[in-house]
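Student: Before we start, here is the structure in question, set down as structure tokens.
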Amino acid sequence: MTLLIILLFLASAGLFIYSFFAKDYQSEVTEQVSNVQINMMREINQLKDKLKEVKEGGVKRG
């Protein structure tokens, strides 16, 4: 029984130490979501500008 407790403790300590060296995927996902959000905001603003030009009657080319 004591051996089992020691093994479990060593396993938990090993996993705890491993967690500091494991790659942090959450920061990568957060950065990707942020980039997508910025790109979508830019596209929305471009569409708003084009819609405004169409409503005013003068469409710029290029």
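The values are calculated or read from the model by the stated rules, or taken from the named source; none is laboratory data. No experiment lies behind these values; they were computed from the predicted model shown. Note: ideal-geometry Cβ built from the backbone for every residue, glycine included; neighbour counts use all protein chains shown. These area figures cover heavy atoms from the full protein model, side chains too; ligands, DNA and RNA do not enter into them. Shrake-Rupley method; radii C 1.70, N 1.55, O 1.52, S 1.80 Å.
Student: When the accessible area of the chain is split by element with a 1.4 Å probe, what percent falls to carbon and sulfur?
Tutor: 64
Student: Can you compute the helix-only [θ] at 222 nm over the chain? Use -39500 (n - 2.57) per DSSP H run of at least 4 residues, normalise by all residues, nearest 500 deg cm²/dmol.
Tutor: Result for the chain, helices only: -30000 deg cm²/dmol.
Student: When ligands, DNA and RNA are left out and all protein chains stay put, how many square angstrom of accessible area per residue does the chain have with a 1.4 Å probe?
Tutor: Result: 103 Å² per residue.
Student: When you count, for each residue, the other Cβ atoms within 10 Å and take the mean per peptide, how do 16-25, 41-50 rank with the highest first?
Tutor: 41-50, 16-25
Student: Using the Cα gyration tensor of the chain, with a ≥ b ≥ c the square roots of its eigenvalues, what is the shape: rounded (a/c below 1.5), prolate (a/b larger than b/c) or oblate (neither)?
Tutor: The shape class here is prolate.
Student: When the dipole is taken about the Cα centre of the chain, and only Lys, Arg (+1) and Asp, Glu (-1) are charged at their Cβ, what size is it in debye, to the nearest 20?
Tutor: 440
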